[in-house]
2 protein chains.
Amino acid sequence: MKLKRSSRLVDMTEYLLRHPHQVISLSYFSERYESAKSSISEDLTIIKENFESQEIGRLQTQAGATGGVCYMPSMGCEEAEQLLERLQEQMTRKERILPGGYLYMTDILGKPDYVNAIGRLIASVFINEKLDAIMTMETKGIPLAYAVATQRSVPVVVVRRSSKVTEGSTVSINYISGSSKRIQTMVLPRRSLKEHARVLIVDDFMKAGGTMKGMINLVEEFGARVAGMAVLVEKKEERPKLVDHYVSLLKLSILEQQDTLTIENGNVYEWLSESASLAVKEQP
Amino acid sequence: MKLKRSSRLVDMTEYLLRHPHQVISLSYFSERYESAKSSISEDLTIIKENFESQEIGRLQTQAGATGGVCYMPSMGCEEAEQLLERLQEQMTRKERILPGGYLYMTDILGKPDYVNAIGRLIASVFINEKLDAIMTMETKGIPLAYAVATQRSVPVVVVRRSSKVTEGSTVSINYISGSSKRIQTMVLPRRSLKEHARVLIVDDFMKAGGTMKGMINLVEEFGARVAGMAVLVEKKEERPKLVDHYVSLLKLSILEQQDTLTIENGNVYEWLSESASLAVKEQP
């Protein structure tokens, strides 16, 4: 189809947004629109400037015969701040405190606009990391894991508490829950992860970190590697966590006796500014 | 920010894609770009033509003081056909047959590009329906439900097999599994669904339809209404299904004794052409 610049811009924007972290050759666009590569390059410059000024991601172009363009979604600090503020507002209600020191988040995690924004923020933090899979524990982490995976175009693997008939043969490990000190089991289908795969672990909630530690062990059991860890909410506990070097978006304190909770920002800003400064260094 | 048309087109496309089924006033865009509403209207005409020729959705504009624009994602028949063909290719391997007549789909459902495309196709079928929530059963249906919900900007409610500490008070019902004839339980947090809400039920797999029938009962228990049902794969069974008037993307036959399976298209095309013809009728 022969298109004018204005139509090309609409179509390319849509195409790039739907194919994040995939290198698309200039020839592909050039053939798709029956336009010269030089025109395509100009289009991409306009899109790149817009994406960068709106802080919705980087557009990396590679020159040469194998040249192409790759859209890497990210979230600007301002949007991240607004998102965390809105989440804090939503979460800071004492009716949300559940027995056992948990927080009722089902309604928030049910909303795709929150979930997808959280996914974009987590993807931002790991924008410079090579990732082959996103891992999570059933069931609340699943939507967050898919939201990150969508931004990265990599598959999700879901760890379960017991093996299911619909999953074929599985690998299982035992781990000790950090809070309850009970022995628990987690399983993953044998075909889920390849050796040396780089895995980002994503979860909704972290208390002592026992589940996260279990997932690290499971990744290692497959000969794969943990490329990063991110949780939406970490709970402030008196004891140190069983894992470190993880990203948290929010930090929760509950005083159960007094029925009060406070929520503050986690460490995500430190991580964000680190990944942004890395990007600046890498660019010529 | 004052933007040129080319930059406005990029930004508006991105904005519309990220806010499906939400009415955005022309004033919003007009203020955002410091441009006259007449320019915005021209931009929208370009975007509308492109979305329609690419069959990625409708752009409905409402005139007048409360006027605005609403992007309704859909999938063209050609893209739908390609998607179903690719899914069939992926699924038609006898190693996928699991004990009990199930199909191993974990790898396919792990890939966000498949999941999001399936979500877009299901959203297409129900493009003319008013929807307030997407319901699914844990755990395999969850990514599909979020993929549909993202296209519709409505929340997801996840039915569970047992109540969890992190969900607060719940409503539970018993139902009889269509295949195993056993009594099973399903639960949903009390705060999940409002009375009169219009619910689309989405699931990955349907054998006899017992789970689907249970979810219908659960929706009614909340005084809500089933606006539609969609499954990725329905299994051909000798007995008639326990539910009818559902959408299926694929239809599976397994001959367990001979270790063979065949997959054909479900009834989704009939539904798609019906929703498309409705749209034509509604337009002036």
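Just checking, how many residues over the stretch B:248-278 are within 21 Å of the chain's Cα centre (by Cα) and charged (D, E, K, R)?
Qualifying residue count for the region: 4.
Does A:E129 meet the test of being surrounded by fewer than 24 Cβ atoms within 10 Å (Cβ to Cβ) and at pLDDT 95 or above?
Yes.
Among the residues of the stretch B:126-148, count how many are in a helix (DSSP H, G or I) and touching a residue at least 24 places away in the same chain (Cβ under 8 Å).
The qualifying residues number 7.
Yes or no: the stretch A:44-61 includes at least one residue that is buried (at least 16 other Cβ atoms within 10 Å of the Cβ), within 11 Å of another protein chain (Cβ to nearest Cβ) and among the acidic types (D, E).
Checked the stretch A:44-61: no residue is buried (at least 16 other Cβ atoms within 10 Å of the Cβ), within 11 Å of another protein chain (Cβ to nearest Cβ) and among the acidic types (D, E).
Could you tell me which numbered condition B:D203 fails, if it satisfies all but one of (1) in contact (Cβ under 8 Å) with a residue 40 or more places away in the chain; (2) more than 14 Å from chain A (Cβ to nearest Cβ)?
(2)
Specify the residue that is farthest from A:G141 (Cα to Cα); the eligible residues are those in the stretch B:155-170 that are more than 8 Å from every other protein chain (Cβ to nearest Cβ) and either modelled with pLDDT of 95 or more or assigned to a loop (DSSP other than H, G, I, E, B) (or both).
B:S169
Run down B:S41, B:S6 and say which single residue is at pLDDT 95 or above and among the small types (G, A, S).
B:S6
Test A:Y71 against the stated conditions and say whether it is under 26 Å from A:Y146 (Cβ atoms), buried (at least 16 other Cβ atoms within 10 Å of the Cβ) and without any contact (Cβ under 8 Å) to a residue 12 or more places away in the chain.
No; evaluated as a whole, the condition is false for this residue.
Would you check which residues across the stretch A:121-140 are over 25 Å from A:S180 (Cα atoms), more than 10 Å from chain B (Cβ to nearest Cβ) and not aromatic (F, W, Y) and list them?
Selection gives A:L121, A:I122, A:A123, A:S124, A:V125, A:I127, A:N128, A:E129, A:K130, A:L131, A:D132.
It is to be established whether one or more residues within the stretch A:231-247 are at pLDDT 95 or above and farther than 23 Å from A:L121 by Cα.
Among the residues of the stretch A:231-247, not one is at pLDDT 95 or above and farther than 23 Å from A:L121 by Cα, which makes the answer no.
Within the bounds of the stretch B:208-220, is there any residue that is modelled with pLDDT under 95 and surrounded by fewer than 18 Cβ atoms within 10 Å (Cβ to Cβ)?
Checking the stretch B:208-220: not a single residue is modelled with pLDDT under 95 and surrounded by fewer than 18 Cβ atoms within 10 Å (Cβ to Cβ).
Looking at (1) surrounded by fewer than 13 Cβ atoms within 10 Å (Cβ to Cβ); (2) within 20 Å of A:V154 (Cβ to Cβ); (3) of a type in the set (D, E, K, R); (4) without any contact (Cβ under 8 Å) to a residue 40 or more places away in the chain, find the lone condition where A:K194 falls short.
Among (1) surrounded by fewer than 13 Cβ atoms within 10 Å (Cβ to Cβ); (2) within 20 Å of A:V154 (Cβ to Cβ); (3) of a type in the set (D, E, K, R); (4) without any contact (Cβ under 8 Å) to a residue 40 or more places away in the chain, the lone unmet condition for A:K194 is (4).
Could you tell me which residue of the stretch B:171-181 is modelled with the lowest pLDDT, considering only residues that are away from every other protein chain (no Cβ under 14 Å) and surrounded by fewer than 16 Cβ atoms within 10 Å (Cβ to Cβ)?
B:K181
Go through the stretch B:174-284 and tell me which strands (runs of 3 or more DSSP E), entirely inside it, have 2 or more residues that are small (G, A, S) and closer than 18 Å to B:I142 by Cα.
The strands (runs of 3 or more DSSP E) meeting that bar are B:225-235.
Suppose the filter is away from chain A (no Cβ under 14 Å) and of a type in the set (K, R); does B:K213 pass it?
Criteria met by B:K213.
Only one residue in A:T106, A:T92 is of a type in the set (S, T, N, Q) and more than 11 Å from every other protein chain (Cβ to nearest Cβ). Which one?
The match here is A:T92.
Counting only residues that are of a type in the set (K, R) and surrounded by fewer than 14 Cβ atoms within 10 Å (Cβ to Cβ), which one in the stretch B:1-36 is nearest to A:K2 (Cα to Cα)?
Looking at the filtered set, the residue picked out is B:K4.
For the stretch A:17-30, which positions are within 20 Å of B:L59 (Cα to Cα) and more than 7 Å from chain B (Cβ to nearest Cβ)?
A:R18 - this is the single residue of the stretch A:17-30 that is within 20 Å of B:L59 (Cα to Cα) and more than 7 Å from chain B (Cβ to nearest Cβ).
Quick one: in the stretch B:141-154, which of the residues that are at the interface with another protein chain (Cβ under 7 Å from one of its Cβ atoms) and under 9 Å from the mean Cα position of the chain (by Cα) is nearest to B:F205 (Cα to Cα)?
B:Y146
I'm trying to understand the selection: among the residues of the stretch B:258-273, which are out of contact with any helix residue (DSSP H, G or I) (no Cβ under 7 Å at 6 or more places or on another chain), farther than 12 Å from B:C77 by Cα and of a type outside the set (S, T, N, Q)?
B:E264, B:G266
The values are calculated or read from the model by the stated rules, or taken from the named source; none is laboratory data. Everything numeric here is computed off the predicted structure, so don't read it as measured data. Positions of Cβ are backbone-derived with ideal geometry, glycine not excepted, and every protein chain shown enters the neighbour counts.
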